[in-house]
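First the structure, in the form of structure tokens, and then the observations on it.
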Amino acid sequence: MSKGPGLFVDIGKKAKDLLTKDYTSDQKFTVSTYTGAGVALTSTALKKGGLSTGDIAALYKFKNTQFDVKVDTDSNISTTFTFTEILPSTKTIASFKVPDYNSSKLEVQYFHHHATFTTTFGLNQTPGVDVTATIGTPAIAFGAEAGYNTTSGKFTKYTAGISVTKPDSCASIILGDKGDSIKASYVHYLDQQKKSAAVGEISRRFSTNDNTFTVGGAYAVDHLTLIKAKLNNHGRLGALLQHEVVPKSLLTISGELDTKALEKSPRFGLAIALKP
């Protein structure tokens with residue numbers, strides 16, 4: 001694939017990952033293994049409140065094809081096929097879910113040095129079409145997204161965004177929810193490895209005059225330990241400690257606290273990911 005502006009979903013992704021990725025208030029245990037045939041197997045157990053769920057996933061890559069399948073405790077089977085370079089500079093992704101066939105879809109991505117395009121079709125009786133386009137360079141990109149329901153003949157969504165990326169920082173602005181919300185974010189990296197960073201994000205919903213301002217960051221204590229924290233203007237405080245116990249095996253402990261309602265019990269989560 002070419003080095004271009006990236007996909008539309010990449011706009012604002014760095015700030016989103018810093019503020020949401022790996023944070024959990026549930027108990028989660030994940031084990032991944034690899035077979036000699038090149039198949040990656042992942043088993044996950046999750047306890048949320050009094051409900052326990054689990055799933056088993058398998059991933060296999062062969063040349064330009066990737067096959068993913070996941071079976072969960074609710075008897076849902078999710079399958080994804082990813083084909084790279086069927087046509088030059090393209091990626092095709094087909095996903096199916098049984099018994100919920102209505103969630104099946106087909107996505108085609110096209111990459112160019114100065115533009116990327118994606119088209120997603122719903123494979124059901126009332127198909128929807130999502131289209132995204134991004135133009136620019138790896139340093140600055142402009143993008144837009146639109147969703148259209150072919151049955152009702154109405155647009156389900158339209159979003160626009162811009163991102164500016166420098167070696168030590170990244171900024172983005174996204175106008176979403178059919179123009180009803182706007183979100184701006186800024187990430188500044190504190191080291192060359194981009195493991196330590198500070199992030200700020202502000203969002204506003206015009207219909208409700210609701211504003212949310214969140215600050216956070218990540219700090220690499222050493223090459224094995226990472227600390228993350230975030231706080232918003234509504235008093236929601238989150239913290240995370242992640243340590244690599246053995247190579248590619250991560251122990252994650254995270255918690256969330258409502259500082260404006262300290263009489264309530266804080267929620268803590270534990271995530272363990274073991275990978276060979």
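The values are calculated or read from the model by the stated rules, or taken from the named source; none is laboratory data. Remember, predicted model here, so these are calculated numbers, not experimental data. Using ideal geometry, Cβ is built from the backbone for each residue, glycine included, and neighbour counts are taken over all protein chains shown. Only protein heavy atoms, including side chains, enter the accessible area calculation; ligands, DNA and RNA are left aside. Shrake-Rupley method; radii C 1.70, N 1.55, O 1.52, S 1.80 Å.
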query = Does at least one position in the range 229-251 carry a residue that is closer than 24 Å to Arg204 by Cα and touching a helix residue (DSSP H, G or I) at 6+ places or on another chain (Cβ under 8 Å)?
reply = yes
message = Can you pull out every residue in the range 46-78 that is charged (D, E, K, R), within 21 Å of Gln109 (Cα to Cα) and assigned to a strand (DSSP E or B)?
response = Lys61, Asp68
message = Suppose we filter Glu244, Glu201 for residues that are closer than 29 Å to Ser169 by Cβ, modelled with pLDDT of 90 or more and among the charged types (D, E, K, R); which single one remains?
response = Glu201
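One line per residue, one yes/no per condition, for (1) surrounded by 17 or more Cβ atoms within 10 Å (Cβ to Cβ); (2) within 25 Å of Ser104 (Cα to Cα); (3) not small (Gly, Ala, Ser):
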| site | (1), (2), (3) |
| --- | --- |
| Thr120 | yes, yes, yes |
| Asn124 | no, yes, yes |
| Val131 | no, yes, yes |
| Thr137 | no, no, yes |
| Ala171 | yes, no, no |
| Asp180 | no, no, yes |
| Leu190 | no, no, yes |
| Gln193 | no, no, yes |
| Gly200 | yes, no, no |
task = Using the structure shown, decide if Ile11 is open to solvent by 50 Å² or more (accessible area, probe 1.4 Å) and at pLDDT 90 or above.
result = no
request  = Could you list, in sequence order, all residues of the range 234-249 that are open to solvent by 50 Å² or more (accessible area, probe 1.4 Å) and outside any strand (DSSP E or B)?
outcome  = His234, Pro247, Lys248
remark   = Those residues of the range 52-98 that are closer than 13 Å to Val39 by Cβ, aliphatic (A, V, I, L, M) and open to solvent by less than 80 Å² (accessible area, probe 1.4 Å) come to a total of 4
inquiry  = Just to be sure I understand, how many residues within the range 20-41 are open to solvent by 40 Å² or more (accessible area, probe 1.4 Å), in a strand (DSSP E or B) and under 20 Å from Lys248 (Cβ atoms)?
reply    = 6
ask   = Quick check: is even one residue across the range 79-86 more than 25 Å from Asp55 (Cα to Cα) and either of a type in the set (A, V, I, L, M) or in a strand (DSSP E or B) (or both)?
value = yes
task = Among the residues of the range 167-176, write down those that are farther than 14 Å from Glu201 by Cα and either touching a strand residue (DSSP E or B) at 6+ places or on another chain (Cβ under 7 Å) or at pLDDT 95 or above (or both).
result = Asp168, Gly176
message = Please determine whether any residue of the range 120-128 is at pLDDT below 95, under 30 Å from Lys47 (Cβ atoms) and outside any strand (DSSP E or B).
response = no
